Amino acid sequence: MSWKDRENPIKDSDGPSYPFIQVVNNGQNLDPRAKNGKFALVADYGEVFGAALEGSEIANLVFRSGDATPVFVTDKLTFAPVVTRFAWIKDGNRLHEYVEGARGKLQVVGYFKGEDGGYHGPAMITATGTNSKEASDAIKAHKAAVNKATKGQASGAYFGMQLQMGETRLVGSGSNQNYATPIALVKDLDPDRDYVGDAIADDIEARHPEFLAWREAWKGVKGGPNGDGEVPGTEEAETAPVATKPASAPGAPAKSALPAGPASVPATDPYAAALPFNSTKYPGGTIRKLYDAGDEAALKATVDWCGEKPEHVTVKTAAEAALKALQAAKTTTATPF
């Protein structure tokens, strides 16, 4: 009998698991390509929360294999941080002490601000490498600002902080160089404006023992698995070459073509969302059909119809993106008299 024959009832665990917002360090790993990195929420998670990230657009996160998954992406993220944990990572394993070649990994659980203006969660942000220190510094500065503004009467967990992705740059030296997009805190805290609200504050307090258990899962055990927080197959993509100029605004592609992106990548169509209602003009329709038809009125009607229905946030965001792309194409191709 060997270990392969055991039923293995004892499992290693990183503690409770949460939907995550991934820091995409290099905008070239998105389709359409972006000049700088982005915060990304997998579209399926958006459906679970009933909200996309505030100010986000839909794109594809491209895997090293060439596959892709739809995500909501944004340059700015408003997030109320509750608890954090940190470890060194090397060869996919978690370490408690630094060894040569290891990279820092910070995870923070909290609540993000959605496009509906409310907070949603709990969700987790993972930041690695130089981003782990930047995110940690931002959280410390946020807590200090809250402490000062409230005269020590409230925790930073009850207030949203706004994180901003900067311009992608080359970091490291020699063979260890790679491209990274810095994360910075937007320092304009207003306790009344940035309060998460009583419902979320109540949820934070009710779940606090759970959050502490999540934090403690990385303590007291020597080593362990890397942990979640990135879409599998994208963790090392940040070392890919970066563009020297921003991607151009997407134009109207030929019928049934995908938006501009890496030509060799069979990316998932960000306009593939099916219409959540019956349409006599577009039976069995999708946002792609409306986009290919150049039907701005139908796209606007879809956005309006989905506006008060958070369960259709993915459809709404895809329709908004398609409408924006159509309008941009008309602007760039218009011929003056």
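For the stretch 59-81, the set of residues classified as under 12 Å from G110 (Cα atoms) and open to solvent by 20 Å² or more (accessible area, probe 1.4 Å) is empty.
Residues of the stretch 290-310 that are assigned to a helix (DSSP H, G or I) and in contact (Cβ under 8 Å) with a residue 12 or more places away in the chain: L290, Y291, D292, E296, A298, L299, K300, T302, V303, W305, C306, P310.
Output the residues belonging to the stretch 79-101 that are free of Cβ contacts under 8 Å to residues at least 12 places away in the same chain and of a type in the set (F, W, Y).
To start, the set of residues in the stretch 79-101 that are free of Cβ contacts under 8 Å to residues at least 12 places away in the same chain comprises 91, 97-101.
Within the stretch 79-101, Y98 is the sole residue that qualifies.
Just one residue in the set E210, E235 is at pLDDT 50 or above, over 18 Å from A127 (Cα atoms) and open to solvent by 30 Å² or more (accessible area, probe 1.4 Å); that residue is E210.
Total residues in the stretch 28-49 satisfying the condition of being small (G, A, S) and open to solvent by 10 Å² or more (accessible area, probe 1.4 Å): the figure is 1.
Of all the numbered requirements in (1) open to solvent by 20 Å² or more (accessible area, probe 1.4 Å); (2) modelled with pLDDT under 95; (3) more than 22 Å from the chain's Cα centre (by Cα), D202 misses one, and that requirement is (2).
Of the set (1) free of Cβ contacts under 8 Å to residues at least 12 places away in the same chain; (2) part of a helix (DSSP H, G or I); (3) not β-branched (V, I, T), all apply to A325 but (1). From the list G129, G55, G66, G114, the one residue that fits, being farther than 22 Å from P276 by Cβ and at pLDDT 90 or above, is G55.
Answer with yes or no whether K255 is open to solvent by 30 Å² or more (accessible area, probe 1.4 Å), over 23 Å from the mean Cα position of the chain (by Cα), at pLDDT 75 or above and under 22 Å from A68 (Cβ atoms).
no
The criterion of at least 2 residues that are open to solvent by less than 20 Å² (accessible area, probe 1.4 Å) and in contact with a helix residue (DSSP H, G or I) (Cβ under 9 Å, 6 or more places away or on another chain) is met, among strands (runs of 3 or more DSSP E) falling completely within the stretch 83-131, by 103-113, 119-128. When each of A213, A180, A199, A206 is tested for being closer than 17 Å to V108 by Cβ and not aromatic (F, W, Y), the lone residue that passes is A213.
Of the listed requirements (1) at pLDDT 75 or above; (2) of a type in the set (D, E, K, R); (3) open to solvent by 60 Å² or more (accessible area, probe 1.4 Å), E308 misses just one: (1). Screening A144, A184 for residues that are farther than 25 Å from A43 by Cβ, of a type outside the set (S, T, Y) and out of contact with any strand residue (DSSP E or B) (no Cβ under 9 Å at 6 or more places or on another chain) leaves exactly one candidate, A144. One residue alone among T244, T331, T335, T280 is at pLDDT 50 or above, surrounded by fewer than 21 Cβ atoms within 10 Å (Cβ to Cβ), of a type in the set (V, I, T) and part of a loop (DSSP other than H, G, I, E, B), and that residue is T280.
The values are calculated or read from the model by the stated rules, or taken from the named source; none is laboratory data. Keep in mind it's a predicted model, so treat the numbers as computed, not measured. Because the Cβ atoms are built from the backbone with ideal geometry, glycine has one as well, and the counts that use them run over all protein chains shown. Areas reflect the complete protein model, heavy atoms only, side chains present, ligands, DNA and RNA absent. Shrake-Rupley method; radii C 1.70, N 1.55, O 1.52, S 1.80 Å.
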